[in-house]
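The values are calculated or read from the model by the stated rules, or taken from the named source; none is laboratory data. Treat the numbers as computed from the prediction; the structure is a model and nothing was measured. Virtual Cβ from ideal backbone geometry, glycine too; neighbours counted across all protein chains shown.
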Amino acid sequence: MAIRTIVTMPGDGIGKTVLPEAIRVLDAVGFAADYVRADIGWEFWCKEGNALPDRTIKLLEQHKVGLFGAITSKPKDKAQAELDPALRDKGFQYFSPIVTMRQLFDLDICIRPCKSFAGNPLNFIRRKGDGFEEPKVDTVIFRQNTECLYCGVEWTNPPADVRQALETHRKMKAFAAVPSEDLAISLRIFTRVACQRIARAGFEHARQYGYKSVTVCEKPNVIRETSGMMEAEAKQVAKEYPGIALWSTNIDAQMMWLTKNPEDYGVIVSGNMFGDIVSDGFAGLVGGLGFACSANLGREVAVFEPTHGSAPKYEKLSPSIVNPIATILAAGMMLDHIGENAMSKRISAAVAKVVEKGKVRTYDMLRLTGGPDVFKSGAATTQQMTDAIIAEL
């Protein structure tokens, strides 16, 4: 087997904890790779004024595949306060490095699978008659990853030319009396090509894995232009896939329905903001962010990550209490991407067996409040969870 080079970006907080666990599993399943550690995150913002240094960008350009841990992001005022004093007032602005990475490499397709594992005590249950039932959730969210409100086209106190341009729209009359310094504006931008690409990716996945429907989850009845474009392009793409039904839901209604009949939904396609929301909603039905993995795919570069944050309050706990499964599953998605499908299936099966047996559970799976005392209640450490998965391999 040819040895691959994988760019590893632990990032902040528990990212530094869970990423090595995923690599342990990759080693155990027989994946041959060289891992090149790359700098990213809050530390490098504070020291260098750049949370995504150029040297990390060059590594991704060279090797094409990255594994990412987690990131700490803070509001503008706090970011400036923590910047090295020597760098202040020199024009440095904090931008989320993962968002920057997505835009820089056009990682426009985000895939977030939300699949329940049998035996997971965190799985969604609902009342049925006098008892309860646990529907099987198997939903994959395709989130357009580079546009929408995340594109970063926004202003506080917009310049005069920007305001003048915006005031050509009749709806801006409602804000005519508001001084510019009291205005904050973000633009929600969709492009036709990006809508077509995310819709086609969703339909391709549905066809490959046997899903019977693709649902566009937007808000075209109110956000008529952008959500309307996504829905219109999905309808055009759907013509190429006659065996797969196209459904449409509004994001607010979808968040209600996902707790009523989640088993009805296969592939969901959304823009950046609503895709972020609905994927976290479905993740909550299958165990929460400890089980939520994702892929960020471009035409050349791909980055795989858990969707949870950096949880800095847990970083210093020793032994560690955090659940590594999301990152381990993200590593499995990476294997699928590079054609190592058999290895990916083995990892997923091993995770499924550990969860089903129920002998090893991290604190979140026991519904405990995080802290050093969780082990007294039977919680496994991060490393013990990884050990159990490796044992099943």
What is the one condition in (1) β-branched (Val, Ile, Thr); (2) part of a helix (DSSP H, G or I); (3) under 26 Å from Arg361 (Cα atoms) that Ile321 does not satisfy? (2)
All but one of (1) closer than 30 Å to Asn296 by Cα; (2) surrounded by 12 or more Cβ atoms within 10 Å (Cβ to Cβ) hold for Glu167; which doesn't? (1)
Scan Ile23, Ile40 and give me the residue that is in a helix (DSSP H, G or I) and in contact with a strand residue (DSSP E or B) (Cβ under 7 Å, 6 or more places away or on another chain). Ile23
Matching residues in segment 261-275 (touching a Ser or Thr at 6+ places or on another chain (Cβ under 9 Å) and buried (at least 20 other Cβ atoms within 10 Å of the Cβ)) number 10
How many of the residues making up segment 36-55 are within 20 Å of Phe105 (Cβ to Cβ) and surrounded by 15 or more Cβ atoms within 10 Å (Cβ to Cβ)? 11
What are the residues in segment 251-272 that are outside any loop (DSSP other than H, G, I, E, B) and of a type in the set (A, V, I, L, M), if any? Ile251, Ala253, Met255, Met256, Val267, Ile268, Val269
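The rows are residues; the columns are (1) within 24 Å of Val18 (Cβ to Cβ); (2) in contact with a strand residue (DSSP E or B) (Cβ under 9 Å, 6 or more places away or on another chain); (3) at pLDDT 95 or above; (4) aliphatic (A, V, I, L, M).
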position	(1), (2), (3), (4)
Lys47	yes, no, yes, no
Ile57	yes, no, yes, yes
Gln62	no, yes, yes, no
Gly66	yes, yes, yes, no
Asp77	no, no, no, no
Asp89	no, no, no, no
Phe95	yes, no, no, no
Would you confirm whether or not segment 356-367 contains a residue that is crowded, with 17+ Cβ neighbours inside 10 Å and not in a loop (DSSP other than H, G, I, E, B)? no
List every residue pair whose Cβ atoms sit under 7 Å apart, with the two residues 6 or more apart in sequence or on different chains, where the first one lies in segment 361-384 and is hydroxyl-bearing (Ser, Thr, Tyr) and the second, anywhere, is surrounded by fewer than 16 Cβ atoms within 10 Å (Cβ to Cβ) and at pLDDT 95 or above. Ser377/Leu366; Thr381/Pro319
Considering only residues that are small (Gly, Ala, Ser) and assigned to a loop (DSSP other than H, G, I, E, B), look in segment 119-154 and name the one that is surrounded by the fewest Cβ atoms within 10 Å (Cβ to Cβ). Gly129
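Per-residue answers, yes or no, for (1) closer than 18 Å to Gly290 by Cα; (2) hydrophobic (A, V, I, L, M, F, W, C); (3) outside the structural domain of Met343 (by TED's automatic domain parsing):
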{"site": "Ile6", "(1), (2), (3)": "no, yes, no"}
{"site": "Val18", "(1), (2), (3)": "yes, yes, no"}
{"site": "Ala38", "(1), (2), (3)": "no, yes, no"}
{"site": "Lys47", "(1), (2), (3)": "no, no, no"}
{"site": "Leu59", "(1), (2), (3)": "no, yes, no"}
{"site": "His63", "(1), (2), (3)": "no, no, no"}
{"site": "Leu83", "(1), (2), (3)": "no, yes, no"}
Residues of segment 56-74 being closer than 23 Å to Gly298 by Cα, without any contact (Cβ under 8 Å) to a residue 60 or more places away in the chain and surrounded by fewer than 16 Cβ atoms within 10 Å (Cβ to Cβ), in sequence order, are Lys58, Gln62
Considering residues of segment 207-250 that are polar (S, T, N, Q) and part of a helix (DSSP H, G or I) only, the residue farthest from Cys148 (Cα to Cα): Gln208
Extreme residue, nearest to Phe291 (Cα to Cα), among residues of segment 368-393 that are among the β-branched types (Val, Ile, Thr) and not in a helix (DSSP H, G or I): Thr381
